[in-house]
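Contents: one structure, followed by commentary.
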Amino acid sequence: MNDLEKQAKELGIKVDGRWSEERLQEEIDKALAAPAKAPKEEPKPEPKFFPVKLEKNYRPISPDFTILDDEGDYREPTDEERFKVTAGRSIKIPVEEAQSVIEKGIAKRNDPIR
């Protein structure tokens, strides 16, 4: 096996035994000129949120939480609420955080299926 064939195989080129050295060099040049393929990034899954009703004042760990307003719609928290959500309010937080606050007695589930 000559040097060109070795280089071609390292580049992942399937070498045809009938190719001349000139053709082999052309294939190597094409492979080297092609833009490198970036590894395909898996999209991060969207976090799942779960509604809880606070039994105690709480500062959510996740910055991506929402608060149930008086009209029954979830809204973004105010700057003050980002530091402390008062007991009795309903919030949606990531599932893992919801499980933790429920286990600690900070909140109760606030979903239709209890």
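Odds and ends about this structure:
- Residues in segment 86-111 that are closer than 14 Å to F49 by Cα and assigned to a loop (DSSP other than H, G, I, E, B): 2 in all.
- Test: residue in segment 66-89 that is open to solvent by 70 Å² or more (accessible area, probe 1.4 Å) and touching a helix residue (DSSP H, G or I) at 6+ places or on another chain (Cβ under 7 Å): no
- Within segment 32-47, residues that are within 29 Å of K92 (Cα to Cα) have Cβ atoms under 8 Å from residues that are at pLDDT 80 or above in these pairs: P47/S62; P47/D64; P47/P94; P47/V95, counting only partners at least 6 apart in sequence or on another chain.
- Condition check for S20: touching a strand residue (DSSP E or B) at 6+ places or on another chain (Cβ under 7 Å) and of a type in the set (S, T, N, Q): no
- Segment 1-85 holds helices (runs of 4 or more DSSP H) entirely within its bounds, and those carrying 2 or more residues that are at pLDDT below 90 and more than 23 Å from I106 (Cβ to Cβ) map to 3-10, 21-33.
The values are calculated or read from the model by the stated rules, or taken from the named source; none is laboratory data. Fair warning: this is a prediction, and the values are worked out from it, not measured in the lab. All Cβ positions, glycine included, derive from the backbone under ideal geometry; neighbour counts span all protein chains shown. Side chains are part of the model used for accessible areas, which takes the heavy atoms of the whole protein and leaves out ligands, DNA and RNA. Shrake-Rupley method; radii C 1.70, N 1.55, O 1.52, S 1.80 Å.
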